[in-house]
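The values are calculated or read from the model by the stated rules, or taken from the named source; none is laboratory data. These numbers were taken from a predicted model, which means no experiment stands behind them. Glycine also receives a Cβ, built like all others from the backbone with ideal geometry; neighbour counts cover every protein chain displayed. For accessibility, only protein heavy atoms count, side chains too; no ligands or nucleic acids. Shrake-Rupley method; radii C 1.70, N 1.55, O 1.52, S 1.80 Å.
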Amino acid sequence: MESWVSQFYLSLGIREPIDLDESRIAKALNIFLVYKDVPSMSYEFGRFRSITIDKRLPAKVQRERFYHELCHILRHAGRQIMMPKAFRELQEWDARNFTRYAALPLHMITDIDVKQPGIIEVLSDRFMVTPELCAERLRRIKEKIYNSA
C-alpha cells in the first residue's frame with residue numbers, strides 16, 4: 001500500500017506536503033467534492049463520483065475523512081448499506097489503513113528523523129492531520145523497521 005500511494009501521488013504531481021490538497025486531488029480524479037453539515041460519505045453512480053465532507057469537523061479531521069472516503073472510491077465497489085457486515089467492516093478497516101498512508105505518504109517522510117523531539121506535532125502541522133494519526137503512522141513505521149531488522 002505504501003508504494004502504491006506514493007506512486008499514485010507522484011503520477012498526480014504530488015511531491016510535497018503542500019501539494020496534498022483535497023480539492024486538487026479531487027479535481028485530478030474528476031471527483032465532485034463538497035463540504036456540508038452532514039456526515040462524511042462517498043458516492044458513485046456510473047461515472048459520477050462525489051465525496052461529501054462534514055464541514056462541522058475540525059480541519060485536520062476533515063482532511064482525514066477525505067482520505068477515508070477517497071479510499072472507498074478508489075478501492076471499493078458496492079453500497080455498504082447493502083453488503084454483509086463482515087465485508088463492510090473489511091472495507092472500513094482498509095479505508096482506515098489507506099488513510100494513514102495517504103495522509104503521510106512514504107515519499108514525503110523518508111527524510112524525517114522519527115526520534116526528533118516533538119516530531120508528532122511537526123508532522124501534524126506539516127501534513128494537516130491529527131496528532132493521533134501521526135502517532136499511529138510513526139508507530140507502524142517503527143514496527144516495520146524493528147521487524148525487518
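Filter segment 20-34 for residues that are open to solvent by 20 Å² or more (accessible area, probe 1.4 Å) and assigned to a helix (DSSP H, G or I) and give the result.
Residues satisfying the conditions are 22, 23, 24, 27, 28.
When you check residue 8 against the structure, is it farther than 22 Å from residue 137 by Cα and hydrophobic (A, V, I, L, M, F, W, C), yes or no?
For residue 8, the condition - farther than 22 Å from residue 137 by Cα and hydrophobic (A, V, I, L, M, F, W, C) - is not met.
So, in segment 89-126, of the ones that are among the charged types (D, E, K, R), open to solvent by 40 Å² or more (accessible area, probe 1.4 Å) and not in a loop (DSSP other than H, G, I, E, B), which residue ends up nearest to residue 4 (Cα to Cα)?
The selected residue is 96.
What are the pairs, 6+ residues apart or on separate chains, where a residue within segment 104-132 that is farther than 16 Å from residue 145 by Cβ has its Cβ under 8 Å from a residue that is among the aromatic types (Phe, Trp, Tyr)?
105/9; 107/9; 108/127
Can you report the number of residues in segment 134-149 which are hydrophobic (A, V, I, L, M, F, W, C) and modelled with pLDDT under 90?
3
Is segment 55-67 home to any residue that is modelled with pLDDT of 95 or more, in contact with a Phe, Trp or Tyr (Cβ under 7 Å, 6 or more places away or on another chain) and not hydroxyl-bearing (Ser, Thr, Tyr)?
Scanning segment 55-67 turns up at least one residue that is modelled with pLDDT of 95 or more, in contact with a Phe, Trp or Tyr (Cβ under 7 Å, 6 or more places away or on another chain) and not hydroxyl-bearing (Ser, Thr, Tyr).
Scan segment 1-19 residue by residue and report those that are outside any helix (DSSP H, G or I) and under 18 Å from residue 100 (Cβ atoms).
1, 14
List the pairs whose first member sits in segment 55-67 and is under 15 Å from residue 26 (Cβ atoms), whose second member is of a type in the set (Lys, Arg) and open to solvent by less than 50 Å² (accessible area, probe 1.4 Å), and whose Cβ atoms are under 9 Å apart, counting only residues at least 6 apart or on separate chains?
Once the first residue is under 15 Å from residue 26 (Cβ atoms) and sits in segment 55-67, its partners that are of a type in the set (Lys, Arg) and open to solvent by less than 50 Å² (accessible area, probe 1.4 Å) give 67/100.
Among what's in segment 15-54 and is touching a residue at least 12 places away in the same chain (Cβ under 8 Å) and β-branched (Val, Ile, Thr), pick the residue that is nearest to residue 126 (Cα to Cα).
So, considering only residues that are touching a residue at least 12 places away in the same chain (Cβ under 8 Å) and β-branched (Val, Ile, Thr), the one nearest to residue 126 (Cα to Cα) is 25.
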